[in-house]
Every structure is written in C-alpha cells, then in structure tokens.
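What follows is a set of notes on a single structure, which appears directly below.
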Amino acid sequence: MDTNLLLHRPAVSAAIKPKLKRPCCSPFTESNRIPNTNPNPNPLDALLESFLELSDSSEIALDLSFDRILDSRHCDSDKNDVIERALRLGSALTEAAKRSARRRASVHNGVVWALPSDLTIKVFSLLDTQSICYAAAACSFFHKCSADSLCYSNIDLTTVVPKVNNMVVSTIIQRAGKGLRSLKLGVVPGPLVASLGSSQPLVYSMRNSSDTSGFSWNDKRSRQGKESFILTRSCLAPLVADGGAPGALLKTLHLYNIERMDNTAFGAALAACPSLLDLEVVGLHVELRQTLESVSRSCPLIERLFFESSKTGRDDSLKLPTCNDLVTNCPNLSSLALRGFKLHDIKVRVLVKGFRKLKYADFSTSYSITGDFLRNLGGSLGGSLLEVLILRDCMHLKEAEVSRLLSAILAGRFRHLRHLDISNREGLASDGDWYRRCYTPSFMSLSELLEERPNLCVLADFPAEGSDSDTNSPSLTSSHTSDGFTSLSESSYNSDQSSGNEDNPSSSHPVLAESSDEVDYL
C-alpha cells in the first residue's frame, strides 16, 4: 500500500463539507410559483397575492401581528376602527371568493350539461313560468338561457293567493317581447275545472280571503309602503309599450279577480291585442257593455269569449246595438260564456242567432233569461251548430220553455247538441208567475228524447220541494250524473223582483225602457 495515500487521506476527508439539512417544501416557493405575465401588475393584485401566499399555519402569526397593530394605536376609537375595517375587508374577500366559486360552478355546469344552449332554451320553453324562474336561479348558465324570449311565449302567473305584482309582470312581458302568445294573470281560488259544462264559480274576493299560508288582506294593508303582491290597473300596461309590440301577436288572455282593474285600462290593453283568439275574464270590476264594445272594436279574430261577472245579477249594461256590433265584427266566435249578468232573452237571441259558428253557449246564473230566446232556433235561423248549451241557475227560466226546447230537439233541431244543462237550485219558474217554482218538472218528451238521442247528456238537477235550496237532488240526468256545483249567494238573485223579460214585447209583463245609465264599479 502506498504510504503517501495513507498520509494524504485525512486531508481529503477534512476537505469534504458536511451535508446541510433539506429544507421543507412549501407550496409557494420560488420554483413552483406561477409567474406573473402582466408587465404592469396592479398593486392591489400584488398585495392580495402576497396575502394569499400565507399558509394555514400562519393563523397564530396573524393573531399576533393584528394584536401588535392594535397595540400601536393609542386611542380606543382607532382600535375599533381597525377592527371594523378588518371585518369589512374579510367579509368583502369572502363574498368575492363566493362569487368566483359560483362563476366557476356555472362554467362547470355549462361544460357538463348535456344540452347546448339552444336546446336548453327549447326545453325551458316547455316549462311553466314558475319552473323557469326556479331554473333561472340555479346557475348563470341556466339564467342566461332562461332570459331568451322563447321561454316566455306562454306566461302563466296565476296563483291561489296574491304573490305577483306589476313589476314581475312587466319584467316577464318585456322578456317575451314580440314572442308573447299567451298571458294568464290573477288569483284563482282553486284548480281550474276543465270538465265539460262545469259551473264552478271562479269569482274570488281578496278582502275576505285567508289561506293556510297566512295571507290575509289585513296583513297586506299593514305593509303599505313595502313591496305589494297585488296587481293593479297598470299590470297590462306592458302590452301597450313599444308601440304595442308585446300584444300584437297575443292569442290568449286570461284575467282572474284583479279587483283594481277598470274599464279604461282594460280597454287600452285589448286595443293592443288585434290577434286575440281567446279571452277569459273573471271577477274584474269592468262593465259588460264596455268590455264587449272593446272586443268588437279591437279583436275581430276572437273565437272564444268567457266573461264571469263579479257582481252576479246586477250588471244590466248590455244594449242591443252592442250585441249587433259584436256579431258583425267578430264572426268567428264559436264559444261564448256570459255568466252572472242580467241578460234579457232578446239580447241573448241576437247573440246566439248571429254567431253562425257558435258551438258552446253558457249563460249560467243569468238573472233575466226565461228561455224565450230558444224559440225557432236550432235550424236555419241560427244555433244549428250548438254542441253545448248551459242554462244552469237561471232564475227566471220557465218550465214551459224547457219543455218546448226538448220537443224541438226531439223534432230534429239542434242535431249537434250533446250537452244540455238546465239545472236550477231554485227550481224552474212556472209560466206566468216566476214566484211559483217547479221542483219536480214533468218533461213528457225527455225519456223519448233520450232514446232518440242516446249521445245527448241532459243535466236537470232540482232540489226537493220544501228542502234547502243548497241541497241538490239529481232528479233527471242522462248519460252520467252531474258534477257538483257551488251554490251562489242568495242575495245575488234578490237585486230585482221583476220578471227579467222586459225586452220581450210578447211577454205578459209590462215593457220597461232600457236604462242608459252607466254602471260604475270603480
């Protein structure tokens, strides 16, 4: 062995430096820090980035540092100001992080959602308005899709209790724009009954209402000055905006129990809807004559008109010229329901005879109808296409006129008729004296008629004589039993004790001149 190597070995060992301890890895070291590509960084961005580089283990250090800053302030007010600013800064930073998280989640939803935006909009267009509003609150992607006008072509904002105000209606109509095709607003006391010949009243008084959700009129009155959920006369104003563009192509308009609506606002809305085909009005304080004049003047294409009075048996405003104008200007009307008005036979005859396409006629709770208008109808004189005729709870409907109608059907008239309702909770009126009520009418031709016309459904429900008028007994019913119906207020029939046939010169009652006074419900 070479002694020189042994002699020089300690020298080599002395020259070797001991290894240093490996430093702990940090997530924010210079090596893995994302370089800032912005040549002119914002000072606030640099400060926030430095703050975010602090590790979770720096919580104690932050506490100590914050305490030192507080100790450096000599005045208590300054210390409180530092604490409040720190709280505001922390809250602002938290909200900024939440917003960023929602944006990232929205981008994620847009990536993982199986449908593109155009198909999503198509799906949303098939939903009801309330479901679209729920979807819009889910994420930004859905919110952007739900803002498309196609989603609001059919707006349904009907509720059981008031939950919608004018601002909501205006916003949604503006989103729909020219694509608006159907609009339904107001308060419906229960589910709409779509069954044939249903006589369920839809009039609803908000002042007398309360429901399980705790809503009452008094609660709303106590919150004046705050946001209200009551629709007013201005709720239809958006239809007139932009030169009437939102209402130009509107096909369906249904309004329920908007108590603050008046003739002027309603007429202006109808004037902006020249393409209207389906109009349903329930419980509005608008006059029958003025409403029909507005329809006649502004809606020549209308095919269905449903109008239920808010004041049963009191609106006697309809005049013969109005009936003639409606028949002339709206020839396509095939469904007509005027419920709860004080109609006279001569006016009803003009309507039924004039509308050559009429298939559905409902004059339920019409106070003055005796049935005289049915004479000589059902043939070439008009009414031959009638499929449904409802005369339920017409106070002055006479037994003799009903018998004459059944005989006419048996003789071959009204060949298309398949549903006839002559039920009356007060019984039928006797000929010559409407005070004498007939609770067990004997229609000699009814059984023969049912054999001749097996597809005809005749509803003839009358209470037993001497029993409570609110209790109905299905005495004469063909095809199927009648649906139950809600009895109307007794006072609705007691507003006038005349026969209700003043317009018919052939009546045994004196002829009274029509009053020209306007009925004002405002």
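A few notes on this one:
- Stretching the chain fully between Glu387 and Tyr435 yields a gain of 14.1 nm (0.36 nm per residue, less the alpha carbon separation).
- Between Ser100 and Arg375, the contour length at 0.36 nm per residue exceeds the Cα-Cα span by 91.5 nm.
- Per-peptide average of other Cβ atoms within 10 Å, ordering 131-144, 298-311 highest first: 298-311, 131-144
- Accessible area (Å², 1.4 Å probe, nearest 10) - Arg349: 60
- Length-normalised contact order of the range 264-344 in % [C-alpha pairs under 8 Å, at least 6 apart]: 34
- Between Ala271 and Asp156, the contour length at 0.36 nm per residue exceeds the Cα-Cα span by 39.3 nm.
- Close amide-amide hydrogen proximity is noted between Ala429 and Leu397, Lys398, Glu399, Cys438, each under 5 Å apart and 5 or more residues distant or on a separate chain (H modeled in the peptide plane; Pro and chain starts excluded).
- When the pairs Lys163/Lys184; Lys311/Lys357; Lys251/Lys357; Lys122/Lys251; Lys144/Lys184 are compared against a 22 Å limit on Cα-Cα distance, Lys311/Lys357; Lys144/Lys184 fall above it.
- His254 long-range amide H proximity, modeled H, under 5 Å: Leu183, Lys184, Leu185, Glu280
- Distance between the pseudo-spin-label points of Trp113 and Asn332 (7 Å out from Cα toward the beta carbon): 3.7 nm.
- In this calculation the C-beta distance from Ser77 to Leu52 is compared with R0 = 25 Å, giving a FRET efficiency of 0.25.
- Working note: Karplus 6.51/-1.76/1.60 with θ = phi - 60° gives the range 82-92 the couplings 4, 4, 5, 5, 5, 5, 5, 5, x, 5, 5 Hz, where Gly and Pro are set to x.
- Options Pro116, Pro162, Asn80, ranked by Cα towards positive dipole end of the range 75-176, top entry (Cβ charges): Pro116
- Phi to ³J(HN,Hα) by Karplus 6.51 cos²θ - 1.76 cosθ + 1.60 over the range 340-356, Hz, x for Gly, Pro: x, 9, 8, 8, 9, 4, 5, 6, 5, 5, 4, 5, 5, 6, x, 7, 6
- Using R0 = 30 Å, the C-beta based FRET efficiency linking Arg68 and Asp45 works out to 0.70.
- Seen from Cys273, the other residues with C-beta closer than 12 Å to its C-beta sum to a net charge of +2, counting Lys and Arg as +1 and Asp and Glu as -1.
The values are calculated or read from the model by the stated rules, or taken from the named source; none is laboratory data. The structure displayed is predicted, hence computed values, not measured ones. Cβ coordinates were reconstructed from backbone atoms using ideal geometry, including for glycine residues, and neighbour counts include every protein chain displayed. Note: accessible area is taken over every heavy atom of the protein model, side chains too, but ligands, DNA and RNA are not part of it. Shrake-Rupley method; radii C 1.70, N 1.55, O 1.52, S 1.80 Å.
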